[in-house]
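Bear in mind that the values in this text are calculations on the coordinates, not laboratory data. Because the structure is predicted, anything quoted here is derived from the model rather than measured. Counting neighbours? That spans all protein chains shown, and the Cβs are built from the backbone with ideal geometry, glycine included.
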Amino acid sequence: MKSYRLTTDMDPERARWLGTGIPRYLLGLSLDELDKVPADALKAAQHWLEGLPERQRLNEHGHAANRSDYGRGLLVTGSAGSGKSSLAVAVASDARRIFGTSIRYYELAEYVDDAKALAGPKSDLEEEQLSRLLHRSGGVQNADLLILDDVGYERTTGSGYAQDKLARTLRGRYRGGLPTIVVTSLTGGEVVEKYSQALQTFLSRNFSLVIV
C-alpha cells in the first residue's frame with residue numbers, strides 16, 4: 001500500500017500549530033485572553049483543564065488510575081457568537097502549552113464530508129487530496145485532545161450517517177481514554193430532536209458541561 005506524507009518548509013513549531021486544524025484567527029489563543037467570556041464559564045473550563053493530568057493518569061500497571069473520569073470530555077454550549085469556539089480552542093491550546101497535549105480541531109460537518117470521501121473509491125481522489133484527508137482524519141483517532149466544533153450544523157440525512165459517525169467517534173475516543181471537546185449551539189430541546197437518547201445519555205454521563 002502506498003504511503004503519503006505532508007512536507008513543509010516553514011518553522012516546525014508554527015507548522016505543528018497549523019497542523020492542528022485550528023482556524024488561523026484562533027491560533028495561539030489562551031484562557032487569559034478571553035475577557036468577554038462569562039467568569040463562571042471560564043472558571044468551569046479552567047477547572048476541567050487543571051484536572052486533565054489526574055483524569056488521564058495511569059497507575060503502575062499502565063491502567064487508568066481514575067476509571068470513572070478517564071477520557072472525560074468537555075461539552076461547551078451557548079448561543080451563536082457567545083465565544084464557544086474561542087473557549088474550546090483556548091482550553092485545548094493551553095493543554096498543549098502546559099501539558100504537551102497533542103490537539104486537533106475539526107468542524108463536524110467537514111469531518112463527516114471527509115469521512116464520506118475516504119469511505120469511497122480512493123481512485124476518485126488526487127494524491128495530494130488523499131494525503132490531506134488521511135492526515136486530517138488521522139488526528140481524530142490519535143490526538144490526545146480533539147475539538148469537534150459546530151456540532152448540530154451537520155447535514156441530516158435519512159441514513160443517519162452524520163449522527164452515527166459522531167456517536168462512533170465520541171464513543172471510540174472515550175473507550176481509548178482520549179477526551180473530546182464538543183462545541184454546540186443546540187439547546188436542550190434541539191438536542192433531543194436531533195440526536196438519539198443513547199447519544200444524549202452518553203454525553204450527559206461522560207462530559208463536563210460549560211455554558212457560555
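So what's the back-of-envelope 222 nm ellipticity for the chain, counting only DSSP H runs of four-plus at -39500 (n - 2.57) apiece and dividing by all residues, rounded to 500? Kindly include the intermediate steps, with their values, before the conclusion.
Values: 9 runs with 99 residues, N = 212.
My calculation for the chain gives -14000 deg cm²/dmol from helical runs alone.
Quick one: which residues, 5+ away or cross-chain, put their amide H under 5 Å from the amide H of Glu107? H built at 1.01 Å from N.
Residues meeting the criterion, in which the H sits 1.01 Å from N, are Asp149.
If you put +1 on each Lys and Arg Cβ and -1 on each Asp and Glu Cβ, how big is the dipole of the chain around its Cα centre, in Debye rounded to 20? Walk me through the intermediate numbers first.
Working: 27 positive and 27 negative charges, 127 e Å.
The calculated dipole for the chain is roughly 600 debye.
Which shape class, rounded, prolate or oblate, goes with the stretch 55-171 when its Cα gyration tensor gives a ≥ b ≥ c as root eigenvalues, a/c under 1.5 marks rounded, and past that a/b bigger than b/c marks prolate? Don't jump to the answer; show the numbers that get you there.
Working: a/c = 1.74, a/b = 1.39, b/c = 1.25.
Since a/c reaches 1.5 and a/b is larger than b/c, the shape of the stretch 55-171 is classed as prolate.
Express the relative contact order of the chain as a whole percentage, based on alpha carbon pairs under 8 Å and six or more residues apart in sequence.
Details: 278 pairs, mean separation 64.5, N = 212.
Reported as a whole number, the value is 30 percent.
Expressed as a whole number of Å, what is the distance separating the alpha-carbon centroids of the stretch 111-161 and the stretch 39-91?
So the two Cα centres are separated by 24 Å.
Give the total of Lys-Lys pairs in the chain with Cα-Cα distances below 16 Å; include a pair only if its members are 8 or more places apart or on different chains.
Pairs that pass both the separation and distance tests number 5.
Assuming a ≥ b ≥ c are the square roots of the Cα gyration tensor eigenvalues, decide whether the stretch 167-212 counts as rounded (a/c under 1.5), prolate (otherwise, with a/b larger than b/c) or oblate. Show your work: numbers first, answer last.
Values: a/c = 2.19, a/b = 1.41, b/c = 1.55.
Oblate, because a/c is 1.5 or more while a/b does not exceed b/c.
Between Ser208 and residues 5 or more places away or on another chain, which pairs have amide H atoms under 5 Å apart, with H built 1.01 Å from N, and which residues are they?
The answer is Gly73, Leu74, Leu75.
Between beta-carbons, use under 14 Å as the cut-off and find the net charge around Leu31, counting Lys and Arg +1, Asp and Glu -1.
Details: positive: Lys36, Lys43, Lys84, Arg96, Arg97; negative: Asp32, Glu33, Asp35, Asp40, Glu50, Asp94.
Overall, the nearby charge balance is -1.
Determine the dipole magnitude for the stretch 61-143: charges of +1 sit on the beta-carbon of Lys and Arg, -1 on that of Asp and Glu, nothing else is charged, the reference point is the Cα centre, and the result goes in debye to the nearest 20.
On the way: 10 positive and 10 negative charges, 96 e Å.
Using Cβ point charges on Lys, Arg, Asp and Glu, the stretch 61-143 gives about 460 debye.
Is the shape of the chain best called rounded, prolate or oblate, per the rule: a/c under 1.5 gives rounded, else a/b larger than b/c gives prolate, else oblate, with a ≥ b ≥ c the square roots of the Cα gyration tensor eigenvalues?
Values: a/c = 1.36, a/b = 1.16, b/c = 1.17.
Rounded is the answer for the chain, as its axis ratio a/c remains below 1.5.
Using DSSP, restrict attention to beta bridges with both residues in the stretch 53-212 and report what percent are antiparallel, rounded to the nearest 5.
Numbers: 1 of 19 bridges.
So the antiparallel bridges amount to about 5 percent of the total.
In whole Hz and in residue order, list the ³J(HN,Hα) couplings for the stretch 56-66 that follow from phi through the Karplus curve 6.51 cos²θ - 1.76 cosθ + 1.60, θ = phi - 60°; x for Gly and Pro.
For the stretch 56-66, the Karplus curve yields 9, 5, 9, 7, 5, 9, x, 9, 4, 6, 10 Hz.
Taking 2.2 N^0.38 Å as the expected size of a compact globular protein, what ratio does the Cα radius of gyration of the stretch 44-105 give against it, to two decimals?
Numbers: Rg = 13.3 Å, N = 62, 2.2 N^0.38 = 10.6 Å.
Cα-based Rg divided by the globular estimate yields 1.26.
What ³J(HN,Hα) values, in whole Hz, does the Karplus curve 6.51 cos²θ - 1.76 cosθ + 1.60 give for the stretch 69-75 when θ = phi - 60°, with x put for Gly and Pro?
Listing the rounded values in order: 10, 4, x, 4, x, 10, 10 Hz.
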